[in-house]
Amino acid sequence: MTEAYIIDGKSIAAKLREQISAAVASIVATEKITPGLAVVLVGSDPASQVYVRNKARQTIAVGMRSFETKLPEDVSEAELLEAVHRLNSDPAVHGILVQLPLPQHIHTAKIIEAITPEKDVDGFHPLNAGRLALGLPGLVPCTPLGCLMLAKSWLPDLSGLNAVVIGRSNIVGKPLAQLLLAENCTVTIAHSRTQNLPQICARADLLIAAVGRPAMVKADWIKPGATVIDVGINRVPVPATIEEEGGKAERKTRLVGDVDFAAAKAIAGAITPVPGGVGPMTIACLLRNTLQAACTQAGIAMPQLDRSGN
Ligand code: GUN
């Protein structure tokens, strides 16, 4: 039995960033516009701080301008709205991302709706979500876009395939289902109340797991030869094999996906690893969206980037 092809998100994301760098250099030279991405971070959640730092580093690496607004955990909704309005009217800022989750006292939907849709590089604004559902051009959420690029790097034509998306979030599951529908897949969205999930997954030519439960998708749920895209990034403790000295050592953790990767790779035709699969694509797609937003705002055509990732 041959093992699944491992879809290398890290290298596909690196190629996409190279193409974005070239497009940015060309726009800077010909249009005298430097695309700018503003990230708003509320509070001091360590995971969010790491994401924001990575975003800033990669934004600068592709030749764009990076702006950061840091606000305290107890910022009022009015102050956060004021920060978004300032970025909306700043001509150097082409893309705005408000890092989620926001503190409990802030209405996330209200903040997202305050972002100018043309600068909404997360694609979370209802106008962009509606445009996606209607098949109109707009800004598409980054993680679903990354998943689609990874799937198409292995299967350039998805037309007619049975696609099963596990997860119905506004950030991943729902927009991904719309993208797959636009690729002419027959799309099933499964979720926490779905009955007979293993049987539904077993019909999938393309299976995408976005639930946030470590190794939930078992090998015997997978149709032999299917393409499996794993969106999950779950930090789990590494089982201690030898009791460390005096039990004082910190418990080690590792990242695992929503799919039981070790077993699934014996059944699937192709599969994305965690880490190194969907994760690196999300930031690369954010940079792609910032380039698109800058082009739209400047009234120029978006340079053609290779969507297949090859
Ligand atoms: N937090 C985790 N992922 C994301 C994302 O894709 N966008 C935003 N805005 N916040 C996030």
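Things to note:
- Within the range 102-116, the only residue that satisfies the criterion of being farther than 16 Å from Ala83 by Cα and without any contact (Cβ under 8 Å) to a residue 24 or more places away in the chain is Gln104.
Table: residues versus (1) surrounded by fewer than 21 Cβ atoms within 10 Å (Cβ to Cβ); (2) among the aliphatic types (A, V, I, L, M).
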{"position": "Val140", "(1), (2)": "no, yes"}
{"position": "Leu145", "(1), (2)": "no, yes"}
{"position": "Leu155", "(1), (2)": "yes, yes"}
{"position": "Gly160", "(1), (2)": "yes, no"}
{"position": "Ala163", "(1), (2)": "no, yes"}
{"position": "Thr186", "(1), (2)": "yes, no"}
{"position": "Ala202", "(1), (2)": "yes, yes"}
{"position": "Arg213", "(1), (2)": "yes, no"}
{"position": "Thr227", "(1), (2)": "no, no"}
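- The condition of being at pLDDT below 95 and closer than 30 Å to Arg235 by Cβ holds for Asp45.
- Residues that are among the acidic types (Asp, Glu) and either open to solvent by less than 90 Å² (accessible area, probe 1.4 Å) or part of a helix (DSSP H, G or I) (or both) within the range 74-93 comprise Glu77, Glu79, Glu82, Asp90, listed in sequence order.
- Residues located in the range 34-54, provided they are more than 13 Å from the ligand (Cβ to nearest atom) and in a strand (DSSP E or B): Gly36
- Scan the range 55-73 for residues that are in a strand (DSSP E or B) and either of a type outside the set (S, T, N, Q) or within 14 Å of the ligand (Cβ to nearest atom) (or both) and the total you get is 6.
- Residue among Gly269, Gly279 that is modelled with pLDDT of 95 or more and within 16 Å of the ligand (Cβ to nearest atom): Gly279
The values are calculated or read from the model by the stated rules, or taken from the named source; none is laboratory data. Predicted model only: the values in this text are computed from it and were never measured. A quick note on method: Cβ atoms are made from the backbone with ideal geometry, for glycine too, and the neighbour counts reach across all protein chains shown. When the accessible area is computed, the model is the full protein with side chains, heavy atoms only, and any ligands, DNA or RNA have been set aside. Shrake-Rupley method; radii C 1.70, N 1.55, O 1.52, S 1.80 Å.
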